[in-house]
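Read the structure below first, then the notes.
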Amino acid sequence: MIFRVIFQYIALLFHKRKGKNLRACCILLIVLLYGAAGFTYFEGKTSEVTLVDGLWYSLVTMTTVGYGDIFPKTPLGRFAVGVPLMFVGIGILGYILTTVSSALVFSQGQKRRGMGTTNLTGHIVIINVPGIAKVEQVIRELRRDPSIGGDTEVVIVAEDLDELPAVFQGHDVHFIKGNPTRDETLSRASIDQAAYVVILCRAPQDPASDNLNLAIALAIESRASQVVSAVECIDPGMEGLLRKAKCDRIVCLSKFESRFISHELLNPGAQSLIEDLICSADGQQLYITDLANGPQLHTYADLRAWCQRSAHILIGIRRDKKQLLNPPDDTILAAGDAAITIGEHRLAFG
């Protein structure tokens, strides 16, 4: 890790004004060698010193540390070696450190403005920012799931965002500014190495956002079909096109809005109940768990008994992208079934 940072700083040093910085480094090296050789030569006449001692003295002097454990005692050692190290060496070293600091500040500024490039693996890519609070909530919910983890890095890709919001800085969240339908932007977000991609509606009240999300989904699926994708849409009629685009998960906002309103009217408290079931903050949560790696069970009754032993409430099974809620106990389980349960943690098999 330390060596990677050092190499990054060296790369920043020579990124701009390469010739001038290279000459400064060469002069610094020459002064360092001159100091080490001169100290060894002049001080070696009166005491036992080695080239390593001379090199140490030169480094300590040029960095203005001044430990005082090794110092010149002869006049030539002081004025022919010490004085040049103090004036020339310190000046050159100061110039190089200033250049590195400026380059580092410039690089960090570029990253905050989304002009950099990421080199990540197994991360989450979130495309479009309809609102800071919404994106923050999505990141929080995803990181709370043990299968993803709280330290998973996130890359936000947005075309209309000027820089990474302060709320995300220092929390392993990166920003890429650009058109998310272009390969150049997706490459800078390391989309090919990502684990998940979430495509949000840029303007939830504008149906034209669906067309943009469809174009983004096609751009991603054409080059990184292995990445698990979840896409928002406004128009229910867009779901079919998104499925043809090979999107793994599709969420239609308008369906939820209308159903939430009617259900809350007929069943007061329904919205709060659903919010608790899909919120991963604490308490009980709704889980859909694939049974492929689970125990060998035959009927729905067997599955319910096994879930009870795991402190889960079984409410149904998911089969062929459809939900069978509270089916008869003698329902035979089939390959590809998933258990729909409510529990404190996701079902763990093994």
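No lab work stands behind these numbers, since they all come straight from the coordinates. All figures in this text were calculated on a predicted structure; none of them were measured in a lab. Note that each Cβ is placed from the backbone with ideal geometry, even for glycine, and that neighbours are counted across all protein chains shown.
Could you give the distance between the Cα centres of the stretch 65-144 and the stretch 206-280, to the whole Å? Using only Cα atoms to place each centre, the spacing works out to 42 Å. Calculated on C-alpha atoms, the gyration radius of the stretch 50-124 divided by its Kirkwood radius gives an Rg/Rh of 1.29.
Annotation: the antiparallel percentage among DSSP beta bridges lying fully within the chain is about 45. Indicate the gyration tensor shape class of the chain (rounded, prolate or oblate), computed on the Cα atoms with a ≥ b ≥ c the square roots of the eigenvalues: a/c under 1.5 is rounded; otherwise a/b larger than b/c is prolate and the rest oblate. Cα axes put the chain in the prolate bin. With r as the distance between the Cβ atoms of residue 260 and residue 326 and R0 = 25 Å, compute the FRET efficiency 1/(1 + (r/R0)^6) and round to 0.05. After rounding to 0.05, the efficiency reads 0.65. Rounded to the nearest 10 degrees, the inclination of helix 51-62 to the longest alpha-carbon principal axis of the chain is 70 degrees. Given axes a ≥ b ≥ c from the Cα gyration tensor, I'd like to know whether the stretch 283-343 is rounded (a/c under 1.5), prolate (a/b larger than b/c) or oblate. Verdict is rounded for the stretch 283-343. Cross-linked pairs 45/73; 246/321; 244/321; 111/177: no Cα-Cα separation exceeds 18 Å. Can you give me the angle between helix 300-309 and the longest principal axis of the chain, using Cα atoms only, in degrees from 0 to 90, rounded to the nearest 10? Approximately 50 degrees, to the nearest ten. Positive end of the dipole of the chain, charges at C-beta (+1 Lys, Arg; -1 Asp, Glu), about the Cα centre: which of 317, 87, 291 has its Cα farthest in that direction? Farthest towards the positive end: 87. Taking 0.36 nm per residue of separation and subtracting the current Cα-Cα distance, fully stretching the chain between residue 290 and residue 184 would add 34.6 nm. At full extension, residue 121 and residue 309 could sit 64.0 nm farther apart than now, given 0.36 nm per residue minus the alpha carbon distance. Judged by the mean number of other Cβ atoms found within 10 Å, the most tightly packed of the peptides 307-316, 169-178 leads the ranking 169-178, 307-316.
Taking the Cα atoms only, what angle lies between the long axis of helix 208-221 and the longest principal axis of the chain, rounded to 10 degrees? With rounding to tens, the tilt is 70 degrees.
Converting phi to 3J(HN,Hα) with the Karplus coefficients 6.51, -1.76 and 1.60 and the offset θ = phi - 60°, the stretch 81-89 yields 10, x, 5, x, 5, 5, 8, 6, x Hz in sequence order, with x at every glycine or proline.
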